[in-house]
Amino acid sequence: MHFIRHLFVALSMWAITLPCLAQVPTIAAAANIKFAMDKIATQFTQDTGKKVRISYGSSGNLVAQIRHGAPFEIFLSADDKYIYQLHQLGVTTTDGDLYAIGRLALASGKGSKLSLDADLNGLKQLLAQGKLERFAIANPEHAPYGERAKELLNHVGLWQQLESHLIYGENVSQAAQFALSGSTDGGIVALSLAMAPQFQAAGHYIALPDELYSPLNQRMVLTEKAGDTAKLFYQYLLQPRARQVFSEFGFGLPPLASTEL
């Protein structure tokens, strides 16, 4: 009888916590904003008492998950084309808001023989000497930062020479790990990741000129599954406190959205 009473109390407590768990929205976010988003989510919880759960990945893969019914309430893409795609398919009721403008960086581990410069002369020299072994970018098939890295390398005439040396990350966060861990000679990654303390401790980076690739206009949108907490978090992402964090991680900031509270 004593055991049954304890079991009943335990089950009752479990039932009480279920609605609380259900109220924590799951957010889909591009891998390049991980460190900024982790900080913003912590601030959001401190300011509102509400929590969000964030799932990171490449924008293309997250779109596929959303189209197959994944329970994401907000999608923060690394490229606005994915938001427009979802809107055209009727998955979202609006085309969302621009929240940040991404940038590329050339990065390498501290022991790398690759010399970093904005004109990629060090990379060209290493290639010419036949000393480049492996070079990392995100997969350009479904990761916007990989797509822009390919565009940049084509722009400077290095893509064909580099192609056989490339190691693809599933997303730009994995590409950054490859570039800075010593498993490659370096890579082209998101500036926002290269600037994060976790990565700065492992390597070096230099921002690459914006004119060498198409703008990385990062857009977000609420899905039809969005509840009250997700809507509150969405508005929070447009406020100065969140925008300041994006700025700290090297993002450009779009004009304040019309939905700002």
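Listing for the model above:
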| item | result |
| --- | --- |
| With every protein chain in place, the chain: carbon and sulfur % of accessible area (1.4 Å) | 54 |
| Estimated inter-spin distance, E224 and E141, nm [label 7 Å along Cα→Cβ] | 2.9 |
| Virtual spin-label span in nm between I101 and Q244, 7 Å along Cα→Cβ | 2.2 |
| Reachable lysines, given that their alpha-carbon falls under 27 Å from the alpha-carbon of K124 and they are not under 8 places away in the same chain | K110, K113, K150 |
| Extension gain from Q88 to L232, taking 0.36 nm per residue of separation minus the Cα-Cα distance | 49.4 nm |
| Distant-in-sequence amide H partners of A100 (H built 1.01 Å from N, under 5 Å) | Q218 |
| 1.4 Å probe accessible area per residue over the chain, in Å² | 47 |
| Whichever lysines have a C-alpha closer than 20 Å to that of K225, once near sequence neighbours (fewer than 8 apart) are set aside | K50, K51 |
| Separation in nanometres of the label points that stand 7 Å from Cα toward Cβ, at T26 and L253 | 3.2 |
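The values are calculated or read from the model by the stated rules, or taken from the named source; none is laboratory data. Keep in mind that this is a model prediction, so the values were computed, not measured. Don't worry about glycine lacking a Cβ; one is built from the backbone with ideal geometry, like all the others, and counts go over all protein chains shown. Quick note on the areas: whole protein, heavy atoms, side chains included, nothing else; ligands and nucleic acids left out. Shrake-Rupley method; radii C 1.70, N 1.55, O 1.52, S 1.80 Å.
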